[in-house]
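Q: Take this structure, written in structure tokens, and hold onto it; I'll ask about it next.
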Amino acid sequence: MAGALIPNEEIIMQLLIRIGIGLAVVVAVVLGIGLALPRTHRATSRITLQKSPEEVWPAVRNLDALLGSWKDLQEAGRVADQGGKEVWRQKAGGFELKLIIEEATQPSRLVTRIDAAADAAFGGTWTYELAPDGAGTRVTVTEDGYVSNPIFRVMMKAMGTHRTLDGFLVGLAVKFGETVKPEHME
């Protein structure tokens, strides 16, 4: 009697095959959706802080300034220049990044680029713009990026293309003792 309650090997094998086919179908669907999504994307978020551009600039310009206030930023530090350009290493969101300062116009504009190989999983630029807004500063950050892996594109779309930008801006506000809700521009 006790043996009658245990499924035989044939039933177990059929179940495993069905589970395997189901997983393969899910992966194929996700891959298909990812291939349909564009490789490149643009996302822009902005906030307004109650500080002047001159006060906000150092926290934007120094890529280690938000350690402790930007939750995703685990490590950051300046490394040797490359081709006459300033280079920083960051560990953010679990990824090791090498960032090159492409442009720095105090106190209004900074452009950073991820130093990534052409076949890298992701890359792109962040453009930070600071503009006076009443007695404060409007901070706008635009990400022009790419995601090579179609499955990662689906994950980015599901989590939101503004997630990292918003995390940076919230961390920037925390640095100044402020609370903000980033506005999505595109």
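Q: From (1) crowded, with 18+ Cβ neighbours inside 10 Å; (2) touching a residue at least 40 places away in the same chain (Cβ under 8 Å), pick out the condition that doesn't hold for LEU97.
A: Failing condition for LEU97: (2).
Q: When the residues of the stretch 125-161 are filtered to those that are in a helix (DSSP H, G or I) and touching a residue at least 60 places away in the same chain (Cβ under 8 Å), which remaining residue is surrounded by the most Cβ atoms within 10 Å (Cβ to Cβ)?
A: Among residues in the stretch 125-161 that are in a helix (DSSP H, G or I) and touching a residue at least 60 places away in the same chain (Cβ under 8 Å), the one surrounded by the most Cβ atoms within 10 Å (Cβ to Cβ) is ARG153.
Q: Filter the stretch 114-154 down to residues that are under 15 Å from PRO182 (Cβ atoms) and of a type in the set (Ser, Thr, Tyr) and give me whichever is nearest to the chain's Cα centre (by Cα).
A: Step by step, filter the stretch 114-154, then rank; the result is THR142.
Yes/no per residue for (1) closer than 18 Å to THR127 by Cα; (2) in a strand (DSSP E or B):
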{"residue": "LEU63", "(1), (2)": "yes, no"}
{"residue": "LEU66", "(1), (2)": "yes, no"}
{"residue": "ALA80", "(1), (2)": "no, yes"}
{"residue": "GLU96", "(1), (2)": "no, yes"}
{"residue": "ILE101", "(1), (2)": "yes, yes"}
{"residue": "LEU110", "(1), (2)": "yes, yes"}
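Q: Being under 23 Å from LYS181 (Cα atoms) and modelled with pLDDT of 95 or more is the requirement here; does LEU99 meet it?
A: No; evaluated as a whole, the condition is false for this residue.
Q: Here's a follow-up. Just the residues that are more than 12 Å from the chain's Cα centre (by Cα), within 13 Å of ALA43 (Cα to Cα) and open to solvent by 60 Å² or more (accessible area, probe 1.4 Å), please, taken from the stretch 162-186.
A: Passing the criteria: GLU183, HIS184, MET185, GLU186.
Q: Return the pair list, or none, for Cβ contacts closer than 9 Å from residues in the stretch 20-38 that are farther than 22 Å from THR161 by Cα to residues that are assigned to a helix (DSSP H, G or I) and open to solvent by less than 80 Å² (accessible area, probe 1.4 Å), at least 6 apart or on different chains.
A: none
Q: I want to confirm something. Restricting to the stretch 7-54 and keeping residues that are modelled with pLDDT of 90 or more and part of a loop (DSSP other than H, G, I, E, B), which single residue is least open to solvent (accessible area, probe 1.4 Å)?
A: SER52
Q: Among the residues of the stretch 90-130, how many are more than 17 Å from PHE168 (Cβ to Cβ) and among the basic types (Lys, Arg)?
A: Of the residues in the stretch 90-130, 1 are more than 17 Å from PHE168 (Cβ to Cβ) and among the basic types (Lys, Arg).
The values are calculated or read from the model by the stated rules, or taken from the named source; none is laboratory data. All of these numbers come straight from a predicted model, not from anything done at the bench. Ideal geometry is used to build each Cβ from the backbone, glycine not excepted, and the neighbour counts take in all protein chains shown. To get the accessible areas, we keep the full protein, side chains included, count just its heavy atoms, and leave off ligands, DNA and RNA. Shrake-Rupley method; radii C 1.70, N 1.55, O 1.52, S 1.80 Å.
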